[in-house]
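The values are calculated or read from the model by the stated rules, or taken from the named source; none is laboratory data. This is a predicted model, so every value here is computed, not measured. Glycine gets a Cβ as well: all are built from the backbone with ideal geometry, and neighbour counts include every protein chain shown. These area figures cover heavy atoms from the full protein model, side chains too; ligands, DNA and RNA do not enter into them. Shrake-Rupley method; radii C 1.70, N 1.55, O 1.52, S 1.80 Å.
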Amino acid sequence: MLRDLLSEHKSSFKDYTELRAQVNTSSRVTLLAGNMVSNAQSSGGGVSARVYKGGTFGFASGAEYSAESVKNILTAATDNALFMDNHVKKGQPPLPTLTADNVGLKLKPGSEAPQSVLIDFANELDSIIEKKYKKLTSRTVVADYLGIEKMLVVSDGASSHSFQPRSTVYVFMSAETDDGIPIELFEPFSALGQFDTLYPDPKNLMESVDRLYEQLMHKREGVYSKAGLCKCIMHPDLAGILAHEAVGHTVEADLVLGGSVAAHNMGKQVASELVSMVDFAHTALGKPCPLPVYVDDEGVVAEDALLIEDGILKSYMHNRESARHFDVKPQGNARAFAFTDEPLIRMRNTAILPGKSKLEDMIASIDDGYYLVKTGNGQADTTGEFMFSVELGYEIKNGKLGKAIRETTISGVAFEMLKTVDMVSDDMLWSCSGFCGKKQYMTTAGGGPALRCEINIGGR
């Protein structure tokens, strides 16, 4: 656990200053067809300081965490801020002072599972898969852990100490169709907590792994989708990823200032009135979020950011500087992944809110369309345009699920596609296994309900 070597330096802060100590610890084991192809552990940490003067930041970091190194890093960041101010000459006033708060540990760092626990888990799960599923041509099992501990003090009096452990199991399965075409599906299982606590026994995952294999066999017999604009139901996982990539990034204030599609849409309808979207801080609908954030890396106490309400764009996500520009209150979206990173405006737990429809009624309402279940790689830009691969989907014929479809793509413009949403399911699923890659990696979570909408789908 990090010791507090930061607070004693607060008396030397002259301008707006952040001082942060951080340690990231990771472990990963990968088995390919029963053979271990990676077995890695790493731990990296240090201290960083960021000073604001006249409209620019000076930043410095170092890997040694000692009283002397903290002093030196703080001096270097201050010198960098003076240098930038003298050369850039923005002439901006100091950042507004916020109400100070001291946010302590919600989760305490404990003893991490030894590497042997991840190895044993992966080996046992792989052995079960090998024996149980005879039609696979390949399989991969990954056991992964990431722990991030941070300590922060800020010049306006805010301070925090946080710990966020995330454990994940990935299962990849491959097979071949009768005509020799390789197909693959994968499923991540991820949650907040230590690996050995969350995954004490591989058998606990087998119901979900069975379903993954069943879906792969469906895909093995799959047909090609018909290209064109059609009525589809997007599974919560797919809807959540689309919300993050094609909507969430467009409403990050730094990208808004860079000219994203959301720049001129504040207060306007950007989605169906059935669609509301929130970037949750730490609690969603009365339950803990998958990756809770209680205070950001600028010392701002985290609050929920209501992005879209009943189809109307209501707010952007901010850091202190952009919040001043737009004359709003920051809500804790400035986050840094490593001690060498400066905080950027990032999503936390971003989700579309559930509606009132039942999934079975949504399926029954479609005569000819598709139920899109899993997505793979994709891209979206600040215009809101997107294209994603669909790794698994099903035909909907006369209100019933039909054959699985082979890999295809979906594309469109997010704000236009969301205006076609006419049914939203009353359930909600979260995913927290991936990373957001905006300039630096960051753990994020996404979620939502199933959506019925019109979307462009590719064909053969």
Can you find a residue in region 266-285 that is under 20 Å from the mean Cα position of the chain (by Cα), within 14 Å of Ile345 (Cα to Cα) and not in a strand (DSSP E or B)? yes
Members of region 394-421 found to be under 30 Å from Lys314 (Cβ atoms) and open to solvent by less than 60 Å² (accessible area, probe 1.4 Å), listed by number: Ile410, Ser411, Gly412, Val413, Ala414, Phe415, Met417, Leu418, Thr420, Val421
Spans of strands (runs of 3 or more DSSP E) in region 3-63 with at least 1 residues of a type in the set (Asp, Glu): 16-32
Let me confirm something: among Glu245, Glu214, which residue is open to solvent by 20 Å² or more (accessible area, probe 1.4 Å) and at pLDDT below 95? Glu245
Candidates Ser322, Ser315 - the one that is among the polar types (S, T, N, Q) and in a loop (DSSP other than H, G, I, E, B): Ser315
Condition broken by Leu95, with the remaining ones in (1) closer than 18 Å to Val153 by Cα; (2) outside any loop (DSSP other than H, G, I, E, B); (3) not β-branched (Val, Ile, Thr) satisfied: (2)
Just a yes or no: is a residue in region 250-259 surrounded by fewer than 24 Cβ atoms within 10 Å (Cβ to Cβ) and polar (S, T, N, Q)? no
Quick check on region 197-211: of everything there that is under 19 Å from Ser127 (Cβ atoms) and surrounded by fewer than 17 Cβ atoms within 10 Å (Cβ to Cβ), which residue is nearest to the chain's Cα centre (by Cα)? Ser208
Total residues in region 301-346, condition among the β-branched types (Val, Ile, Thr), surrounded by 19 or more Cβ atoms within 10 Å (Cβ to Cβ) and under 21 Å from Ser61 (Cα atoms): 1
Residue among Thr340, Thr350, Thr420 that is under 30 Å from Lys150 (Cα atoms), in a loop (DSSP other than H, G, I, E, B) and β-branched (Val, Ile, Thr): Thr340
Condition (residue is surrounded by fewer than 20 Cβ atoms within 10 Å (Cβ to Cβ), in contact with a Phe, Trp or Tyr (Cβ under 6 Å, 6 or more places away or on another chain) and outside any strand (DSSP E or B)) applied to region 149-161: is it met by at least one residue? no
Has region 162-172 got at least one residue that is under 30 Å from Leu74 (Cα atoms), open to solvent by 30 Å² or more (accessible area, probe 1.4 Å) and either β-branched (Val, Ile, Thr) or in a strand (DSSP E or B) (or both)? yes
Pairs returned, first residue in region 16-45 that is closer than 20 Å to Ile119 by Cα and open to solvent by 40 Å² or more (accessible area, probe 1.4 Å), second residue that is assigned to a strand (DSSP E or B) and of a type in the set (Asp, Glu), beta-carbon separation under 7 angstrom, 6 or more apart or interchain, are Arg28/Asp144
Say whether the condition of being within 22 Å of Thr443 (Cβ to Cβ) and aromatic (Phe, Trp, Tyr) is met by at least one residue in region 339-348. yes
Tally the residues that are hydroxyl-bearing (Ser, Thr, Tyr), open to solvent by less than 40 Å² (accessible area, probe 1.4 Å) and either free of Cβ contacts under 8 Å to residues at least 60 places away in the same chain or under 17 Å from Glu342 (Cα atoms) (or both), restricting the search to region 422-443. 1
So, first residue small (Gly, Ala, Ser) in region 198-215, second residue outside any helix (DSSP H, G or I) and open to solvent by 30 Å² or more (accessible area, probe 1.4 Å), Cβ within less than 7 Å, six or more apart or across chains; the pairs are Ser208/Glu187
Of the conditions (1) of a type outside the set (Gly, Ala, Ser); (2) more than 30 Å from Val209 (Cβ to Cβ); (3) touching a strand residue (DSSP E or B) at 6+ places or on another chain (Cβ under 8 Å), the single one that Pro96 does not satisfy is (3)
Considering only residues of region 53-65 that are open to solvent by less than 50 Å² (accessible area, probe 1.4 Å) and free of Cβ contacts under 8 Å to residues at least 60 places away in the same chain, which is nearest to Gly147 (Cα to Cα)? Gly62
Give just the number: which of (1) part of a loop (DSSP other than H, G, I, E, B); (2) within 30 Å of Phe163 (Cα to Cα) does Gly259 not satisfy? (2)
A careful count of residues in region 81-95 that are open to solvent by less than 80 Å² (accessible area, probe 1.4 Å) and of a type outside the set (Asp, Glu) gives 7
Qualifying position, being modelled with pLDDT under 95 and either closer than 19 Å to Glu342 by Cβ or surrounded by 19 or more Cβ atoms within 10 Å (Cβ to Cβ) (or both), among Leu98, Leu107: Leu98
Going by what's in this entry, would Thr78 be described as assigned to a loop (DSSP other than H, G, I, E, B) and either open to solvent by 30 Å² or more (accessible area, probe 1.4 Å) or more than 17 Å from Val154 (Cβ to Cβ) (or both)? no
